[in-house]
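A.B. asks: Below: one structure in structure tokens.
The values are calculated or read from the model by the stated rules, or taken from the named source; none is laboratory data. Model, not experiment: these values are computed from the prediction. Note: areas computed on protein heavy atoms with side chains; ligands, DNA, RNA excluded. Shrake-Rupley method; radii C 1.70, N 1.55, O 1.52, S 1.80 Å.
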Amino acid sequence: SDSRFSYLSHCLHIHNQAIIRGVLGLKTYIEERAVEVAKFMIHTNATVRETAKKFGISKSTVHKDITDRIDPELAKSVRAVLEVNKAERHIRGGLATREKYLHNKAK
């Protein structure tokens, strides 16, 4: 039918646009954001949660950006930050619990 043809035509147009962007070296908004997210995490040692809040995106999107949408070298640097954050997570959790109980005790 006509609508199916127009949908397929639209898909082909989008696909061609992606190829043209790739050939010309142009990046999409998502690709640019992914690089910015990665650089932010590397330079600030930010957690996924902090990064998501800073960029106004979900934690899942941050994770997708830093694992699937950036070049391997940048991904390697981000993974190093993630490993440090993961290793320190239990310490931050303990400090948060301590603060909670100190705050409740003061009441």
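A.B. asks: Which one, (i) 7.7; (ii) 10.9; (iii) 7.3, gives mean projected area of the Cα convex hull in nm² as derived from the coordinates shown?
C.D. replies: Given (i) 7.7; (ii) 10.9; (iii) 7.3, the calculated one carries the label (ii).
A.B. asks: Give me the count of lysine pairs in the chain whose alpha carbons sit under 29 angstrom apart, restricted to pairs 8 or more positions apart or on different chains.
C.D. replies: Lysine pairs meeting the criterion: 27.
A.B. asks: State the percentage of accessible surface on the chain attributable to carbon and sulfur atoms; use a 1.4 Å probe and exclude ligands, DNA and RNA.
C.D. replies: Within the chain, the accessible surface is 58 percent carbon and sulfur.
A.B. asks: Roughly how many Å² of Phe40 are accessible to a 1.4 Å probe, to the nearest 10?
C.D. replies: Roughly 50 Å² of Phe40 is accessible to a 1.4 Å probe.
A.B. asks: Let me ask you something else. If I take every Cα pair under 8 Å that is 6 or more residues apart in the chain, average their sequence separation and divide by the length, what percent do I get for the relative contact order?
C.D. replies: Contact order relative to length: 23 percent.
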